[in-house]
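Notes to accompany the following structure.
Bear in mind these aren't lab numbers, they're just calculated from the coordinates by the rules spelled out. What you see is a predicted model; the values in this text were computed from it and never measured. In this analysis, Cβ positions are derived from the backbone assuming ideal geometry, glycine residues included, and neighbour counts consider all displayed protein chains.
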Amino acid sequence: MAAPDNVLKVLMPLDLFLAFLAASALLFAKPGPAMSVIVANSIGQGVRGGLVTVAGNVIGFVLLISLVALGLAWIADAMKTWFDWIRLGGAAFLLYLGVTRLWFAGRAGLSGPQPTGRLFRDGFLVAVANPEVILFLAAFLPPFVDPSRPAAPQLSILGVTFVAVSAIFGALLAILAAQARNFLAGERLVWLDRVSGGLLVIAALWLAWPR
């Protein structure tokens, strides 16, 4: 039976895979709307809230990568006229989350655990709120595909890797943010909520800013 690394070498060059792995890690290490939502829900609802949000975010990425891998990125290209409306809708959603966090600063836990579906929705919507991500992925994935080998297996490996990296980074972020809340209390906890709410507002402005 062939070793996993040998199978990988047959399906795609190892150097391309490692380059993609590094590029994906750098991409997810960069602050953005998804990171802000994960941090906010982790602070407000603990590790459970953060990990459920990460799960929703990951499923959103799975959907977007599937569209790209199936060659359906042209759908997003054909719907460019709708991009601004979808993007602004996502920005409004993030703004709502941020303002709510600021309003209830320090008191998020008093209302009890949020429904799992709502936390999952937060993560999913922030992943798909910006349709330009589809076009970004359509441009990001092909350079790491060796044209001399079948494209489908390579795209599958890249897609699984991208999702795995997003899940790992998201889970670590959720755990760290939740732990920060456990060590804080009183006025400092209020400020932590204010910071997370501010991050959501900034993320909303970033998403709404004209490209």
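Given H placed 1.01 Å from N in the peptide plane, which residues other than close sequence neighbours of residue 12 have an amide H under 5 Å from its amide H?
For residue 12, whose amide H was placed from the backbone, there are no distant partners under 5 Å.
By per-residue mean of other Cβ atoms within 10 Å, what is the highest-first order of 52-59, 164-171?
On the way: 52-59: 24.0, 164-171: 18.5.
Packing proxy ranking, top to bottom: 52-59, 164-171.
Go ahead and run the numbers for FRET between residue 195 and residue 15, Cβ-Cβ distance against an R0 of 45 Å, rounding to 0.05. Please report the intermediate quantities before stating the final value.
On the way: r = 40 Å, r/R0 = 0.90.
E between residue 195 and residue 15, to the nearest 0.05, is 0.65.
Order 195-205, 41-51 from most to least packed using the mean count of other Cβ atoms within 10 Å. Each step should come with its number before you reach the end.
Working: 195-205: 20.3, 41-51: 24.4.
Per-residue mean Cβ counts within 10 Å order the peptides as 41-51, 195-205.
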